[in-house]
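One structure is given here, and the rest of the page talks about it.
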Amino acid sequence: MTDSAVPDVVVIGAGLAGLVAANRAAEFGLRVAVLEQGTEELYLCNTRITAGVFHVARESLLDPPEQLRRRIEAATCGYSEPSLAGALAEDSARTLEWLKRQGVRFVKAPVSGRMRSMLAPPSVRRPGLNNWKGRAGDVMLRTLATALQEQGGVLLRGARATELLMRDGVCAGVLAVMGGVSRRFECPAVVIADGGFQANSEMVRQHISPAPERVMRRNAGTGSATGQRCAEGRSEAACWIASMAISFYRGAMDDDRFWPYPTLDFLCFGGDCR
């Protein structure tokens, strides 16, 4: 589709989740527009800086679904949502194969004692967030963006969603700001995949810690909960709050040489989640 065409689907956010949703919709012949608030060609997001290890509860995506279900249950101490855990276990292998068909490349890498699928070229494990270009998540996002364009989809950078359009209780599109000008996208479906709220201190205070200034946040600094704010108060819009904690060496709080690596995740994995 062209920038001026009316889309069938608008996706908010051009990270891994957003570009996968957009490409999948385009495969079914739908006209897709993706709104990405970043203005740069290599806009920063969490996917861009990922280490790129694909696993389910530290197990291979290619393991049998029942094995993955049991692993999810054990890793979450029984607190997982059964329907979501089932979907993750059942769909993991075909998701990996689908990504490969889009041109995303993987290598086998030993992680926590087992061989896992890791994005190629592998990421560089060293301090700072300036080592991602041409590696792992960066290459994956470029590949998925190219695949979307080849299928007729449009990726609009510098487009920040501000409000869902509702008509008779049904989502009918989204408002976005582009270059300081409000733009209206009317469509039958909107997918919110904008990367969470880790850069929004007030939401970190509300959902994670009463002292967000004392939380060491390992992220791209771009997730401001734009999509969630659009969906708030809309019973028609599904919205999940989730967070993930990663263990760091204490010195990282005061010395950038220890951020974001080394992480202590695998040391903590040996503990009991109870």
FRET efficiency for Arg125 and Asp168, using Cβ-Cβ distance with R0 set to 41 Å, rounded to 0.05:
0.20
Protein accessible area in segment 1-153, 1.4 Å probe - carbon and sulfur %:
53
Accessible area (Å², 1.4 Å probe, nearest 10) - Asp168
150
Using the heavy atoms of the protein chains alone and a 1.4 angstrom probe, what is the accessible area of segment 1-93 per residue in square angstrom?
47
Using the Karplus equation 6.51 cos²θ - 1.76 cosθ + 1.60 (θ = phi - 60°), what ³J(HN,Hα) coupling, rounded to whole Hz, does each residue of segment 166-183 give in order, writing x for Gly and Pro?
10, 9, 6, x, 10, 5, 10, x, 8, 9, 9, 9, 10, x, x, 10, 6, 10
Residue span Ala109 to Thr95: 0.36 nm per residue of separation minus Cα-Cα distance leaves a gain in nm of 3.2 nm
Scan around Ala189 for amide H atoms under 5 Å from its own, H built in the peptide plane at 1.01 Å from N, and keep only partners 5 or more places away or cross-chain.
Val10
Just to verify a number: what accessible area does His207 come out at with the full protein assembly present, 1.4 Å probe, Å² rounded to tens?
80
When the Cα centres of segment 68-92 and segment 134-204 are compared, how far apart do they sit, in Å?
28
Whole-Hz ³J(HN,Hα) from phi, Karplus 6.51 cos²θ - 1.76 cosθ + 1.60, for segment 71-86, glycine and proline x:
5, 4, 4, 5, 5, 9, 6, x, 9, 6, 6, x, 5, 6, 4, x
How would you classify segment 1-73 from its alpha-carbon gyration tensor, with a ≥ b ≥ c the square roots of the eigenvalues: rounded for a/c under 1.5, else prolate if a/b is greater than b/c, otherwise oblate?
oblate
Gyration tensor verdict on segment 143-205 (Cα atoms; rounded if a/c is under 1.5, prolate if a/b is larger than b/c, oblate otherwise)
oblate
Can you tell which of Ile72, Ile49, Ser83 lies farthest toward the positive end of the dipole of segment 46-92, using +1 and -1 charges on the Cβ of basic and acidic side chains (Lys, Arg; Asp, Glu)?
Ile49
Skipping prolines and chain starts, which residues have an amide H placed within reach, meaning under 5 Å, of the one on Arg116, given they are 5 or more residues away or on another chain?
Ala109, Val111
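Order Thr146, Thr47, Thr39, Thr222 by their accessible area, 1.4 angstrom probe, all chains in place, largest first.
Thr39, Thr146, Thr222, Thr47
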Subtract the Cα-Cα distance of Ala199 and Arg183 from 0.36 nm times their separation in residues, and report this length gain in nm to one decimal.
3.3 nm
DSSP-defined antiparallel bridges as percent of all bridges, segment 1-155, nearest 5
60
Cα gyration tensor category, rounded, prolate or oblate, for segment 100-225 with a/c compared to 1.5
oblate
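The values are calculated or read from the model by the stated rules, or taken from the named source; none is laboratory data. The model shown is predicted, which means the values in this text are computed figures rather than measured ones. Glycine gets a Cβ as well: all are built from the backbone with ideal geometry, and neighbour counts include every protein chain shown. What goes into the accessible areas is simple: the full protein's heavy atoms, side chains included, and nothing from ligands, DNA or RNA. Shrake-Rupley method; radii C 1.70, N 1.55, O 1.52, S 1.80 Å.
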